[in-house]
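See structure below.
The values are calculated or read from the model by the stated rules, or taken from the named source; none is laboratory data. Since this is a predicted model, take the numbers as computed values, not measurements. Note that each Cβ is placed from the backbone with ideal geometry, even for glycine, and that neighbours are counted across all protein chains shown.
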Amino acid sequence: MKTGSCLCGSIRYEIESEPTDCNYCCCSICRRLTGSAMGVYGMVRKSEFSWLSGEEVLNSYHQNTNLERFFCSNCGSFLLSVHALDSVNCYLSLGSLDSHEGIEISYQQFTDSKAPWLELDGSLESHREWPSWIHERISK
């Protein structure tokens, strides 16, 4: 069991297992979303995720018709994404976890879109766009 929260602590959640498919996303959307060089995400089964407190201050942003992003309306922390085409999984912003023990980044994506000042991790599998296998993993 792992727990996490927003910056101000108003929203808390827990997950029952380790996130999988942990990755760095170097796209321009994730840079704007996080205000940093990249987004850092992990996949979690929806059935293994639960809000513990603060749902009354949880807000969402529909980035497009398929993607909804959840954040704290008090402090603005981005916590989670849900994709309409994936009924099984959600995508956790790994920086919101209380403990990062056991988290291993397995790949980086949208490397062609990276900020020019970012140096990529040469030890990770790199993908210019979405990894070719991502759609196979989405609903498992």
Name the strands (runs of 3 or more DSSP E) wholly within region 1-103 that hold at least 3 residues that are more than 11 Å from the chain's Cα centre (by Cα) and on the phi > 0 side of the Ramachandran plot?
none
So which residues in region 63-73 are of a type outside the set (A, V, I, L, M, F, W, C) and at pLDDT 95 or above, if there are any at all?
68, 69, 73
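Residue-wise test of (1) of a type in the set (S, T, N, Q); (2) over 22 Å from residue 136 (Cβ atoms); (3) surrounded by 14 or more Cβ atoms within 10 Å (Cβ to Cβ); (4) in contact (Cβ under 8 Å) with a residue 24 or more places away in the chain.
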residue	(1), (2), (3), (4)
52	no, yes, no, yes
57	no, yes, yes, yes
66	yes, no, no, no
73	yes, yes, yes, no
84	no, no, no, no
Anything in region 92-117 that is more than 15 Å from residue 29 (Cα to Cα) and either surrounded by 15 or more Cβ atoms within 10 Å (Cβ to Cβ) or in contact with a helix residue (DSSP H, G or I) (Cβ under 8 Å, 6 or more places away or on another chain) (or both)? List them, or say none.
92, 94, 95, 96, 97, 100, 103, 105, 107
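Go through region 1-30 and give me each residue that's of a type outside the set (A, V, I, L, M, F, W, C) and farther than 16 Å from residue 91 by Cα. Reasoning before the result, please.
At the first step, the residues of region 1-30 found to be of a type outside the set (A, V, I, L, M, F, W, C) are 2-5, 9-10, 12-14, 16-21, 23-24, 28.
Residues satisfying the conditions are 9, 10, 28.
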Taking region 29-59 and keeping residues modelled with pLDDT of 95 or more, under 27 Å from residue 106 (Cβ atoms) and of a type in the set (S, T, N, Q) leaves 47, 50
Is it true that some residue in region 110-126 is within 23 Å of residue 3 (Cα to Cα) and either in a strand (DSSP E or B) or of a type in the set (Ser, Thr, Tyr) (or both)?
no
Is there any pair linking a residue in region 1-14 that is in contact (Cβ under 8 Å) with a residue 24 or more places away in the chain to one that is of a type in the set (D, E, K, R) and in a strand (DSSP E or B), with Cβ under 6 Å and at least six apart or on different chains, and which?
3/14; 5/12
